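Beneath this line is the structure, given in structure tokens, with notes to follow.
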Amino acid sequence: PERGRRVLEVRGLTRRFGGLVANQDIDLDLHAGEILAVIGPNGAGKSTLFNQLSCVDTPTAGTVRFLGQDVRGWAPRRLAAAGLSRTFQHVKLLPAMSALDNVALGAHLRGRAGLLRSALHLERSEESSLLAEARHQLERVGLAHLADQPAGSLALGQQRLLEIARALCTDPAVLLLDEPAAGLRHQEKQALAALLADLRTQGMAVLLVEHDMDFVMGLADRVACIVFGRKVADGQPAAVQADPQVQAAYLGA
Ligand code: ADP
Ligand code: MG
């Protein structure tokens, strides 16, 4: 999608778990070429929101539109094939498999084309094109030199980049990242921030959920803050950081 075009439109999103309201009446927009950070204290409802955006979970009320289409009831894989990729809060890699094979497997499972055919049997030519694609994505995230290392032997920051490489294989218009900086060292955070800025330059829309406010301040174009399931602020990072409701939520956390 061309830069500035709205790629995600969330309206009145509500998710209840029994009597607990995890998300309440959330409106949110995401545009091509934008990095949006959703922040909030632990338990605020960020992962719940994220799960609904990626169709892992279904809203109690409200709508999520991706590229203009209402995605209610879609399987996560259908959404991935349509151009929305996500990573998880906890790294999900096959530790004994090489970095390259982890990406290739992701490309295979998320493949846009020939999913059914390739699930039945993988042609040799398809396998080599998957590996070529995986190599390309490893280069994109700066891990090409570690292609043959077991994924489990990489540092946490590298594993996060590896997961992003895997998510990039479907050439997504939207990339959703759940706490990508959690547990990373300073240099690893910088490498991650540089990659995300690079993806933005390429016109991707990036939505990251992040507990660490410092990480998003220099990076995000816009910040939305969720507290007790409600969006309390949405705007320029500095303005959101200075918002009294946001400050109270973080001081109280
Ligand atoms: P965050 O990601 O901001 O830390 P979550 O979205 O994980 O917050 O959780 C928001 C609230 O919803 C929490 O009170 C959590 O316990 C609750 N919650 C999340 N998922 C479920 C679930 N599947 N069943 C019941 N309660 C849930
Ligand atoms: Mg969470």
When residues of segment 54-69 are limited to those that are out of contact with any Lys or Arg (no Cβ under 8 Å at 6 or more places or on another chain) and touching a residue at least 60 places away in the same chain (Cβ under 8 Å), the one nearest to ligand 1 (Cβ to nearest atom): F66
Count of residues meeting criterion [under 19 Å from M217 (Cα atoms) and either within 15 Å of ligand 2 (Cβ to nearest atom) or among the basic types (K, R) (or both)] in segment 15-42: 6
Scope segment 57-79; condition at pLDDT below 95 and either touching an Asp or Glu at 6+ places or on another chain (Cβ under 9 Å) or in a helix (DSSP H, G or I) (or both); matching residues: P76, R77, R78, L79
Positions within segment 145-182 being exposed (fewer than 14 other Cβ atoms within 10 Å of the Cβ) and under 26 Å from Q52 (Cβ atoms), in sequence order: D171
Any hit, segment 91-103, residues being more than 24 Å from G183 (Cα to Cα), of a type outside the set (V, I, T) and not assigned by TED's automatic domain parsing to the domain that holds T201: yes
Flag if E127 is surrounded by 13 or more Cβ atoms within 10 Å (Cβ to Cβ), of a type outside the set (S, T, N, Q), more than 16 Å from ligand 1 (Cβ to nearest atom) and modelled with pLDDT under 90: yes
Members of segment 133-153 found to be closer than 21 Å to F215 by Cβ and in contact with a Leu (Cβ under 6 Å, 6 or more places away or on another chain), listed by number: V141, L143
Residue match in segment 184-207 (condition: surrounded by fewer than 22 Cβ atoms within 10 Å (Cβ to Cβ) and within 16 Å of ligand 1 (Cβ to nearest atom)): no
Residue within segment 80-100 that is surrounded by fewer than 19 Cβ atoms within 10 Å (Cβ to Cβ), in a helix (DSSP H, G or I) and in contact (Cβ under 8 Å) with a residue 60 or more places away in the chain present: yes
Residues of segment 216-237 satisfying the condition of being free of Cβ contacts under 8 Å to residues at least 60 places away in the same chain and either hydrophobic (A, V, I, L, M, F, W, C) or under 21 Å from Q52 (Cβ atoms) (or both): M217, V232, A233
Filter result for R222 (in the same structural domain as F66 (by TED's automatic domain parsing), away from ligand 1 (no atom under 16 Å from the Cβ), touching a strand residue (DSSP E or B) at 6+ places or on another chain (Cβ under 8 Å) and basic (K, R)): yes
Residue that is surrounded by the fewest Cβ atoms within 10 Å (Cβ to Cβ), among those in segment 1-40 that are on the phi > 0 side of the Ramachandran plot and without any contact (Cβ under 8 Å) to a residue 40 or more places away in the chain: G18
Filter result for F50 (aromatic (F, W, Y), assigned by TED's automatic domain parsing to the domain that holds M204 and within 7 Å of ligand 1 (Cβ to nearest atom)): no
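The values are calculated or read from the model by the stated rules, or taken from the named source; none is laboratory data. Keep in mind it's a predicted model, so treat the numbers as computed, not measured. Here Cβ is always computed from backbone atoms with ideal geometry, including for glycine, and neighbour counts include all displayed protein chains.
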